[in-house]
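First the structure, in the form of structure tokens, and then the observations on it.
The values are calculated or read from the model by the stated rules, or taken from the named source; none is laboratory data. These numbers were taken from a predicted model, which means no experiment stands behind them. Cβ: placed from backbone, ideal geometry, glycine included. Neighbour counts: every protein chain shown. Protein only, heavy atoms only, side chains kept; ligands, DNA and RNA dropped before computing areas. Shrake-Rupley method; radii C 1.70, N 1.55, O 1.52, S 1.80 Å.
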Amino acid sequence: VQLQAFGGGLVQAGGYLRLSCTISGGSLSSYAMGWFRQAPGKEREFVGVITWSGTMTSYADSVRGRFAVSRDNAKNTVYLQMNKLRPEETAVYYCAAHRHPYARSSDPSDYHYWGQGTEVTVSS
């Protein structure tokens, strides 16, 4: 299973971006999908997760109400819509797959497959 995240870039504070993550070598519907981010010099942190059918999501407190995770299993793609971005959210964003389709873990060590990350820079 291989994941590829894309859609990062430079955005002004208060702006928005939508990240995408595609899966190959497997069916997206088999996995719960998480998004994480890692800023320079910091640990990887949880952003959000969505269960296999898209019916349940969980978010970090810092992004709840501004970010939204969604998925299209037919397109083997999961999305992270990020609104009202803040400079402190500059980081590399990663998608990750969890083998349990109903998982909603916020612990990166629980996830089995990772994409290579896409860089998001939020300017002030």
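Summary table below
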{"item": "Region 9-35, residues that are modelled with pLDDT of 95 or more and not aliphatic (A, V, I, L, M)", "result": "9, 12, 14, 15, 16, 18, 20, 21, 22, 31, 34, 35"}
{"item": "The listed residue being touching a residue at least 24 places away in the same chain (Cβ under 8 Å), within 12 Å of the chain's Cα centre (by Cα) and open to solvent by 40 Å² or more (accessible area, probe 1.4 Å), out of 37, 99, 104, 18", "result": "18"}
{"item": "Residues that are assigned to a strand (DSSP E or B), open to solvent by 30 Å² or more (accessible area, probe 1.4 Å) and within 14 Å of residue 42 (Cβ to Cβ), drawn from region 70-93", "result": "92"}
{"item": "In region 40-56, residue most open to solvent (accessible area, probe 1.4 Å) [restricted to those that are more than 12 Å from residue 91 (Cα to Cα) and free of Cβ contacts under 8 Å to residues at least 24 places away in the same chain]", "result": "55"}
{"item": "Verdict on residue 53 being more than 23 Å from residue 30 (Cα to Cα) and assigned to a loop (DSSP other than H, G, I, E, B)", "result": "no"}
{"item": "Within region 107-124, considering residues that are open to solvent by 30 Å² or more (accessible area, probe 1.4 Å) and among the hydroxyl-bearing types (Ser, Thr, Tyr), the one farthest from the chain's Cα centre (by Cα)", "result": "124"}
{"item": "Breaking point among (1) closer than 12 Å to residue 94 by Cβ; (2) open to solvent by 60 Å² or more (accessible area, probe 1.4 Å), for residue 2", "result": "(1)"}
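Condition check ((1) at pLDDT below 95; (2) farther than 19 Å from residue 116 by Cβ) across all residues:
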| site | (1), (2) |
| --- | --- |
| 55 | yes, yes |
| 60 | no, yes |
| 70 | no, yes |
| 73 | no, yes |
| 78 | no, no |
| 87 | no, yes |
| 96 | no, no |
| 99 | no, yes |
